Amino acid sequence: MKAVLQALLDLQVVDRDLHQVQLELKRLPKERAQRRAEIERILGRIAELRNEAKGLRVRIKEFEDVATTQRQRVRKLENDMSNSRADAVLIAHFQHEVKTCKKEISNAEDQGLALLEQVENCDKQAAALQATVDAEEKVYAEFAGNVERELAAAEKRRAELDAERKKRITQNSIPPEALATYSRLLAARDGMPLAPLDGRTCQACFIEIPTNLVVRVTRGSELVPCPSCDRILHI
Ligand SMILES: [Zn+2]
């Protein structure tokens with residue numbers, strides 16, 4: 001069993017590196033996706049602002065149309081008024097109509113101006129966000145390029161480590177049941193299925209184990225799990 005334990009320890013050296021590489025292979029795409037999502041979020045906000053501005057411009061145009069129509073009406077009323085010079089009642093009527101029209105023109109212009117301010121505000125915000133996105137896109141492009149290279153390197157390293165672990169398993173002819181226990185712990189204990197003992201203390205979970213277990217570990221005729229963290233103990 002001492003040979004098996006030694007073989008598992010040799011295997012763990014490879015598996016610890018393999019575990020790190022696997023973490024990298026998960027972390028890198030996740031980080032890239034997070035950065036992309038942040039840019040997409042800002043792009044979404046810009047689209048919202050542009051859409052809002054578009055809606056506001058339509059409403060401004062409507063107020064402009066109202067003002068134009070009323071101006072035409074005023075011109076017509078003034079023309080009619082000059083043709084009815086003598087009729088005081090009619091003149092009073094036209095004057096009243098003109099006054100109403102002018103009020104509507106002024107009202108439409110005021111509302112249009114207020115909306116124009118809002119449009120300008122939207123455009124300003126969108127432009128500022130676009131500048132942010134442009135800068136972020138440059139940073140992202142460089143980052144994504146680095147991630148591609150790092151992923152390629154990690155994939156290569158994983159293939160090498162996979163080959164190495166297969167070699168160690170076959171060459172050292174580890175018994176299937178020992179390998180099964182080891183593999184279960186490998187997944188459950190983040191790439192560290194074995195734990196060294198220092199005196200009576202497990203160096204993975206730092207629990208003191210009973211003396212009789214220490215004796216069994218020292219004898220080395222079986223695989224002894226730590227009663228706390230379940231890792232295979234070794235001296
Ligand atoms: Zn332990």
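The values are calculated or read from the model by the stated rules, or taken from the named source; none is laboratory data. The structure displayed is predicted, hence computed values, not measured ones. Don't worry about glycine lacking a Cβ; one is built from the backbone with ideal geometry, like all the others, and counts go over all protein chains shown.
Side notes on the structure shown:
- Test: residue in region 182-196 that is surrounded by 15 or more Cβ atoms within 10 Å (Cβ to Cβ), more than 11 Å from the ligand (Cβ to nearest atom) and over 40 Å from the mean Cα position of the chain (by Cα): no
- Pairs, first surrounded by fewer than 14 Cβ atoms within 10 Å (Cβ to Cβ) in region 1-26, second hydroxyl-bearing (S, T, Y) and at pLDDT below 95, C-beta under 7 Å, six or more apart: M1/S221
- Positions within region 197-221 being in a loop (DSSP other than H, G, I, E, B), more than 10 Å from the ligand (Cβ to nearest atom) and surrounded by fewer than 12 Cβ atoms within 10 Å (Cβ to Cβ), in sequence order: G199, P210, S221
- Residue match in region 161-170 (condition: surrounded by 14 or more Cβ atoms within 10 Å (Cβ to Cβ), acidic (D, E) and part of a helix (DSSP H, G or I)): yes
- Filtering A53, A7, A67 for residues that are of a type in the set (A, V, I, L, M, F, W, C), within 33 Å of the chain's Cα centre (by Cα) and not assigned by TED's automatic domain parsing to the domain that holds E222 leaves a single hit, A53.
- Unique residue being at pLDDT 95 or above, within 30 Å of A53 (Cβ to Cβ) and exposed (fewer than 14 other Cβ atoms within 10 Å of the Cβ) when the list is A114, A108: A114
- Test: residue in region 168-179 that is free of Cβ contacts under 8 Å to residues at least 60 places away in the same chain and among the basic types (K, R): no
- Evaluated against (1) surrounded by 13 or more Cβ atoms within 10 Å (Cβ to Cβ); (2) more than 30 Å from G191 (Cβ to Cβ), R41 falls short on exactly one condition, (1).
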